[in-house]
Every structure is written in structure tokens, then in C-alpha cells.
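Have a look at the structure below before the remarks.
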Amino acid sequence: MAIATLTDSSLRLEFDNGIDVNTGKKLTKAKSFNNVKITATSEQLYTVAQAIVGLQQLSLLSIERKDSSNIVEE
């Protein structure tokens, strides 16, 4: 049997950066914050993200948490 151990976590915020005038496609910008505590809850990350968004000029599109795990055999 295998066991996964959470080793790292990061927070990624994606923002609306307008529309490309040549292609008409939506442009986005992302900001990533590494070394997030692996014990941080979704509510805590959401609160931090909202505080960061308040300092930005662009509109928020998404908030993502990215976790990394080590998988080992038991």
C-alpha cells in the first residue's frame, strides 16, 4: 500500500489582463506565492487571497492551491 505525504503548497492567483487586440483572445496574468504552510486551510488561503486582490488593479479570475506530495510504499 502507498502513502502520500504533503510536502509543499503554493497559492496562485489569476487575473484578467484584458483582450489581445490582434487575436481577440482573453489575456491573463498570474501571481504565485510559494512556501505556503501545508497546514493552511482553504478559508485561510481565501482570506489571504482577498487581501492581496484588494491591492491589485486587475480583476481576479481564479484562486488556486497547488499541493505537492511524496508517495512512498508503506
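Return the residues of the range 9-57 that are open to solvent by 70 Å² or more (accessible area, probe 1.4 Å) and either assigned to a strand (DSSP E or B) or within 30 Å of GLU73 (Cα to Cα) (or both); say none if nothing qualifies.
Going residue by residue through the range 9-57, those that are open to solvent by 70 Å² or more (accessible area, probe 1.4 Å) are 19, 21-23, 25-26, 29, 31-35, 37-39, 42-44, 46-48, 50, 55, 57.
If the condition is that a residue be open to solvent by 70 Å² or more (accessible area, probe 1.4 Å) and either assigned to a strand (DSSP E or B) or within 30 Å of GLU73 (Cα to Cα) (or both), then ILE19, LYS26, LYS29, LYS31, SER32, PHE33, ASN34, ASN35, LYS37, ILE38, THR39, SER42 are the ones that fit.
Sort out which residues of the range 33-66 are free of Cβ contacts under 8 Å to residues at least 24 places away in the same chain, touching a Lys or Arg at 6+ places or on another chain (Cβ under 9 Å) and among the polar types (S, T, N, Q), and write them in order of number. Lay out the reasoning, then the answer.
First, the residues of the range 33-66 that are free of Cβ contacts under 8 Å to residues at least 24 places away in the same chain: 33, 39, 41-44, 46-47, 50-51, 54-55, 57.
Checking which are touching a Lys or Arg at 6+ places or on another chain (Cβ under 9 Å) leaves us with 33, 42, 44.
If the condition is that a residue be free of Cβ contacts under 8 Å to residues at least 24 places away in the same chain, touching a Lys or Arg at 6+ places or on another chain (Cβ under 9 Å) and among the polar types (S, T, N, Q), then SER42, GLN44 are the ones that fit.
Can you pull out the residues in the range 58-74 that are in a strand (DSSP E or B) and over 12 Å from ARG12 (Cα atoms)? Break it down stepwise before answering.
We begin by selecting, within the range 58-74, every residue in a strand (DSSP E or B); these are 59-73.
Passing the criteria: SER59, SER68, SER69, ASN70, ILE71, VAL72, GLU73.
Filter the range 58-74 down to the residues that are surrounded by 13 or more Cβ atoms within 10 Å (Cβ to Cβ) and of a type in the set (A, V, I, L, M, F, W, C) and list them by number.
LEU58, LEU60, LEU61, ILE63, listed by residue number.
Only one of these is at pLDDT below 95 and of a type in the set (Asp, Glu): GLU74, GLU43. Name it.
On the way: GLU43 fails: at pLDDT below 95.
After applying the criteria, what remains is GLU74.
The values are calculated or read from the model by the stated rules, or taken from the named source; none is laboratory data. Please read all numbers here as calculations on a predicted model, not as lab measurements. All Cβ positions, even for glycine, are placed from backbone atoms using ideal geometry, and neighbour counts span all protein chains on display. Protein only, heavy atoms only, side chains kept; ligands, DNA and RNA dropped before computing areas. Shrake-Rupley method; radii C 1.70, N 1.55, O 1.52, S 1.80 Å.
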